[in-house]
């Protein structure tokens with residue numbers, strides 16, 4: 001029998017003529033479908049088709065998951081193939097799955113752990129499936145901008161019906177075993193300890209004629225069941241929330257499945273192939289696949305950093321406001337006890353209530369019960385004194401964003417810590433190197449910039465000051481990972497990574513306002529571009545006082561690029577007492593609630609007054625594309641400078657920082673991938689066309705050299 005590096009055939013005890021195909025990828029911690037898997041599957045099928053003594057096949061996994069899916073890391077190379085080559089790749093893999101399905105004897109897949117994407121498609125090629133109750137199955141390809149390409153849309157829709165299949169494919173969320181069995185994806189869901197025996201029993205029933213495996217094959221190849229009054233319009237209404245024009249995969253899958261629900265099996269497979277190939281040519285798929293790869297690389301990079309760090313058995317947070325309470329919650333909910341220190345009892349109560357509300361949300365989602373909430377809150381120790389700080393391994397200072405106050409608090413705290421403890425500051429703008437100058441041991445100090453609201457925002461910028469030791473940075477990275485966050489190591493500079501890249505965008509926004517472009521129009525254009533909220537709305541959500549403070553830091557740090565010829569409109573609004581959502585007045589009026597915002601008359605008056613101060617001012621016509629270019633180019637150029645200057649270590653980290661910290665449109669992949677998608681020469685031409693607007697719109701020489709070399713970022 002065959003035995004390779006991924007697939008192994010062995011005799012199946014208890015069934016005469018039975019054979020087991022064991023999935024065990026030796027080069028990977030998980031089973032994934034890559035070129036080696038497919039090569040060995042072809043060899044296995046050759047043997048099975050030629051060996052006349054085989055009467056039954058069991059497919060199982062030696063790992064904790066059945067198959068997690070295709071090898072996504074190979075997709076960028078796939079995207080570079082011609083459309084004809086992509087179709088050939090799809091047809092070659094489908095031919096293998098079709099051969100598995102057509103074997104002249106029954107087959108059962110015993111599915112444990114996860115069977116996702118290609119893993120479920122492989123299992124669907126078997127005559128039947130038995131799932132462990134802990135297993136989950138799904139076809140999540142639309143989250144990558146693609147569709148299942150190895151028969152998943154066709155077999156699943158014909159096995160369980162069109163609408164249920166669309167819910168799984170377009171919803172892209174794994175389905176629990178019990179639900180999968182109820183839908184008819186599997187014959188049964190059983191305890192994992194009984195999985196193998198149940199699968200063998202089903203094979204015996206097939207061999208004995210009690211279960212007709214040929215009927216199951218026919219069910220997967222016949223027409224998909226449709227509701228009597230099912231129409232494309234009704235399906236579009238049902239799935240309207242998932243049919244975002246920026247993400248073409250769900251709509252294309254829906255239309256294709258509906259159109260080919262009654263088509264012959266081979267014709268439907270061909271339609272699926274062409275949908276996959278069509279989607280593989282989109283920037284959306286390239287961006288989303290790139291983000292998946294970037295995320296994996298980011299995790300690996302963080303794990304490598306953390307190896308040099310010290311364990312954090314107990315944390316501490318200074319400052320028990322909403323931010324401090326959120327950090328303490330995040331530590332406790334992931335199992336690390338934490339001190340929560342403030343000088344005011346009411347602040348401690350605010351921090352604890354912040355944590356309590358976050359836990360209540362977990363209870364609402366069914367992910368926690370009241371006992372778990374009590375246990376979690378028990379890991380947060382509120383205190384008005386420093387008495388217990390000698391036992392803390394890492395301290396996060398999260399007091400008010402004021403350099404003098406932070407420096408004083410940090411200096412006081414340092415003297416109370418044990419010699420190996422790491423001290424960090426949660427600051428969004430203040431130089432870590434400057435704060436370290438007041439400390440006795442600057443090497444044990446670095447930044448940990450959390451984003452608000454802490455429970456929802458995954459990013460943590462770990463800022464390396466000039467004297468921060470590798471161990472301090474590594475310990476902070478490790479703590480962030482333990483807290484379930486995605487840390488990115490950033491070298492100290494004004495604004496670090498996220499705010500440094502964000503504020504040129506707001507600088508551009510201010511310039512457009514002074515050019516007479518209505519802020520509500522800018523919001524509409526940038527939201528249509530893909531941002532979750534436009535710049536005016538975002539400024540209100542962040543808080544105009546916070547915006548002005550950060551803008552002033554960036555102006556001082558980069559006066560040539562980020563200075564303002566006129567007083568920023570946000571600053572003018574702040575002087576009129578507007579804080580944004582904090583007090584209900586900003587660019588928008590929130591007096592009727594955050595969800596019922598209207599354009600603020602005060603903001604319109606302030607802008608009109610500013611424009612009136614410009615002698616002979618007349619607004620010039622500007623297109624939506626010009627608004628996009630004027631907003632996005634400064635952000636993209638600053639993102640490049642962060643990479644070019646070594647503020648972060650890779651293009652992947654730059655883009656992931658913007659995705660995780662700013663909500664940069666995922667389907668665009670990040671600022672540097674956006675440049676790639678525009679085309680380096682085309683992007684350079686767009687920048688040069690706006691060069692008269694000043695340094696914010698001038699292509700850095702090193703980027704021009706990269707463009708001339710045709711050197712993309714990814």
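The values are calculated or read from the model by the stated rules, or taken from the named source; none is laboratory data. Just so it is clear, the structure is predicted and the values come from calculations on it, not from any experiment. All Cβ positions, even for glycine, are placed from backbone atoms using ideal geometry, and neighbour counts span all protein chains on display.
Here are some notes:
- Residue 295 vs. criteria assigned to a helix (DSSP H, G or I) and within 27 Å of the chain's Cα centre (by Cα): yes
- Scanning region 1-33 for residues that are under 15 Å from residue 71 (Cβ atoms) and out of contact with any helix residue (DSSP H, G or I) (no Cβ under 6 Å at 6 or more places or on another chain) yields 5, 23, 25, 26, 27, 28, 29, 30, 31, 32.
- Residues of region 649-675 that turn out to be part of a helix (DSSP H, G or I) and closer than 17 Å to residue 246 by Cα, as a count: 7
- Residue within region 217-230 that is touching a residue at least 60 places away in the same chain (Cβ under 8 Å), assigned by TED's automatic domain parsing to the domain that holds residue 166 and closer than 30 Å to residue 532 by Cα present: no
- Sole residue being modelled with pLDDT under 95 and in the same structural domain as residue 701 (by TED's automatic domain parsing), chosen from 586, 593: 593
- Output for region 590-634, where each listed residue is in contact with a helix residue (DSSP H, G or I) (Cβ under 7 Å, 6 or more places away or on another chain) and outside any helix (DSSP H, G or I): 599, 617
- Output for region 578-621, where each listed residue is surrounded by fewer than 16 Cβ atoms within 10 Å (Cβ to Cβ) and under 37 Å from the mean Cα position of the chain (by Cα): 583, 591, 592, 593, 594, 595, 596, 598, 599, 604
- Residue selected from region 99-116 under the condition under 31 Å from the mean Cα position of the chain (by Cα) and without any contact (Cβ under 8 Å) to a residue 60 or more places away in the chain, by the criterion farthest from residue 191 (Cα to Cα): 116
- Here residue 168 clears all of (1) surrounded by 23 or more Cβ atoms within 10 Å (Cβ to Cβ); (2) in contact (Cβ under 8 Å) with a residue 40 or more places away in the chain except the condition numbered (2).
- Scope region 257-272; condition surrounded by fewer than 22 Cβ atoms within 10 Å (Cβ to Cβ) and within 24 Å of residue 99 (Cβ to Cβ); matching residues: 263, 264, 265, 266, 267, 270, 271
This table checks each residue for (1) surrounded by fewer than 23 Cβ atoms within 10 Å (Cβ to Cβ); (2) without any contact (Cβ under 8 Å) to a residue 60 or more places away in the chain; (3) in a helix (DSSP H, G or I).
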{"site": "521", "(1), (2), (3)": "yes, no, yes"}
{"site": "541", "(1), (2), (3)": "yes, yes, yes"}
{"site": "547", "(1), (2), (3)": "no, yes, yes"}
{"site": "550", "(1), (2), (3)": "yes, no, yes"}
{"site": "570", "(1), (2), (3)": "no, no, yes"}
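- Tally of residues being touching a strand residue (DSSP E or B) at 6+ places or on another chain (Cβ under 8 Å), closer than 18 Å to residue 461 by Cα and in a helix (DSSP H, G or I) across region 407-443: 3
- Residue in region 495-510 that is assigned to a loop (DSSP other than H, G, I, E, B), surrounded by fewer than 20 Cβ atoms within 10 Å (Cβ to Cβ) and either assigned by TED's automatic domain parsing to the domain that holds residue 438 or modelled with pLDDT of 95 or more (or both) present: no
- Whichever residue in region 35-57 is touching a residue at least 12 places away in the same chain (Cβ under 8 Å) and under 36 Å from the mean Cα position of the chain (by Cα) and, among such residues, is surrounded by the most Cβ atoms within 10 Å (Cβ to Cβ): 37
- One residue alone among 327, 343, 363 is assigned to a loop (DSSP other than H, G, I, E, B) and assigned by TED's automatic domain parsing to the domain that holds residue 411, and that residue is 343.
- Region 371-381, residues that are surrounded by fewer than 19 Cβ atoms within 10 Å (Cβ to Cβ) and part of a strand (DSSP E or B): 381
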